[in-house]
Structures are given as C-alpha cells and as structure tokens.
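The next block holds one structure in the form of structure tokens; read it before the comments.
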Amino acid sequence: MEITPQIIQQHIDKAKKGDQVAFTFLLDRYWNEVYGFMLKRTENEADTEDIVIETFAKAFDRITTYNSEYAFNTWLIAIAKNVHIDLLRKKKSSLFIDITDEEDQQAYNVADSSPTPEDEIIREQNLSSLLECIKKLKPQYQEVIQLRYFQELSYQEIADQLNEPLNNVKVKLLRAKKLLAEIISKKD
C-alpha cells in the first residue's frame, strides 16, 4: 500500500486524539529520516539516538500544536534541532568532564573482545565436526586441506612441500574442497 500524504494526515489526526497505533505508525515512518539528519549533525550515534527519542517524545506530547500547513517531517526536524541545541547547552554547562568521541573510542577499544566461554564451546564443536568430515576424505585431499587451511601455507609452499606442480596442487585443493562440501551437506 502506498503511503500518501492523506494517509499520513489521517494518522496525525488520530495521534492528536491519543491513538497509540497512529503514534507507532508516525514513529516508524519518520524515525530513519530524523535519525539520519541528526547523525550527520552530531556524528555520534549515542547522542543521535538520545536526541531522536527525545524528539519523538516531545513531538507526541505536543502533537496538538502541529500545524498541517507544514510537512510533518519538517516539524520533527525543527524539534530535533532544538533538542540538539539543548543537549549542547547542557554539555557546556555540565560540571562533569566531557569525553570526546576519540577518547570514547579509545575506551571502547580497551574492552575485552576475547571470546566468551560459550563462543569457545561453539567454535570447538564446529571444529570437531569439520575435522570429522575431513577424515572422510582420501589422504591426499586431507593433506592439502591440512597444509592450506590449518598450516596456512601458500599454494607454492604446498607444491614445494609435496614435490608437485603448482597447478596439480590447485586442482587437488579444488577437488578436496568440493568433496568436503558434499560430505558436509550430506551430514546436515
């Protein structure tokens, strides 16, 4: 269904009467536009999200003051600009130390990015399953898979180690991958 200006106006009228479904429609319809506009201004996702949430809260509190001579999105953007200005004023007058985006990013980078115990268990189970499938291949295919993907040798290094031409190694690895894919798909 195409969303026409008339449909939008109907939802605005319903929202003025307190209809929550209409509020949700308007929020869904205009969230990305207001968010995108504010993200360009603030260049900070957290601030942008706070501003947009407050913008819609204020807009819905004051929706009865909306003048339909103007586009609804223009009215929302005007509110968002004012909320942003208020936020900047609060930040300047705050007694707390203001952290720059760069400092915030540095703090974020310090965060522990190591896998959780659950991630480790899943990884081990997947690896174990993969190794079972590899064991079903002929020894020559197991060897090239081992050298390429577990020892991370280049094609040339594999060719040198196996005393085979480079093209043979490439073909053998291609066949091994194809056969492994078939084994894995049959297993699932």
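Among the residues of this structure, Ile12 does not count as one that is more than 24 Å from the chain's Cα centre (by Cα), among the hydrophobic types (A, V, I, L, M, F, W, C) and either closer than 25 Å to Lys91 by Cβ or outside any helix (DSSP H, G or I) (or both).
When residues in region 141-167 are screened for being open to solvent by less than 80 Å² (accessible area, probe 1.4 Å) and more than 35 Å from the chain's Cα centre (by Cα), 9 of them pass. Evaluated against (1) closer than 12 Å to Ala80 by Cα; (2) among the β-branched types (Val, Ile, Thr); (3) not in a helix (DSSP H, G or I), Ile3 falls short on exactly one condition, (1).
Contact map, region 68-96: first residue modelled with pLDDT under 90 and in a helix (DSSP H, G or I), second residue of a type in the set (Asp, Glu) and exposed (fewer than 15 other Cβ atoms within 10 Å of the Cβ), Cβ cut-off under 7 Å, separation 6 or more or different chains; pairs are Lys91/Asp98. For region 17-34, a residue qualifies if it is modelled with pLDDT of 90 or more and surrounded by fewer than 18 Cβ atoms within 10 Å (Cβ to Cβ), and the qualifying residues are Lys17, Arg29, Trp31, Asn32, Glu33.
The values are calculated or read from the model by the stated rules, or taken from the named source; none is laboratory data. If you're wondering where the values come from, they're calculated on a predicted model, not measured in any experiment. Here Cβ is always computed from backbone atoms with ideal geometry, including for glycine, and neighbour counts include all displayed protein chains. Ligands, DNA and RNA are excluded from the accessible area calculation, which covers all protein heavy atoms including side chains. Shrake-Rupley method; radii C 1.70, N 1.55, O 1.52, S 1.80 Å.
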